[in-house]
Amino acid sequence: MSFWIVLICFLIWVLLTGVGLSLYSLRVTREMGMGGLVVTLIWIGLAILLARGIMSALRSIGQ
């Protein structure tokens, strides 16, 4: 049962994070132009890769 609770919490977190990143990228584009948006997208991509690596490492530890 705790797996489903964790999954639901994770999905809610992902949804809220996605909305927050969308709003932030719109603000960055308005204030800094396309160059700022590109830099922001690169940082977001690096954060996603880091999170995937951490999740993969935790999964391999759990097995």
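The values are calculated or read from the model by the stated rules, or taken from the named source; none is laboratory data. Every value quoted in this text rests on a predicted model; they were computed, and no experiment measured them. Heads up, the Cβs are rebuilt from the backbone with ideal geometry, glycines too, and the neighbour counts pull from every protein chain shown. Heavy atoms of the whole protein, side chains included, go into the accessibility calculation; ligands, DNA and RNA do not. Shrake-Rupley method; radii C 1.70, N 1.55, O 1.52, S 1.80 Å.
What's the number of the condition R52 fails, among (1) open to solvent by 80 Å² or more (accessible area, probe 1.4 Å); (2) touching a residue at least 12 places away in the same chain (Cβ under 8 Å)?
(2)
From G36, G62, grab the single residue that is open to solvent by less than 60 Å² (accessible area, probe 1.4 Å) and at pLDDT below 85.
Matching residue, one of G36, G62: G36.
Of the numbered conditions (1) out of contact with any helix residue (DSSP H, G or I) (no Cβ under 7 Å at 6 or more places or on another chain); (2) surrounded by 10 or more Cβ atoms within 10 Å (Cβ to Cβ), E31 fails exactly one; give the number of that condition.
Failed condition: (2).
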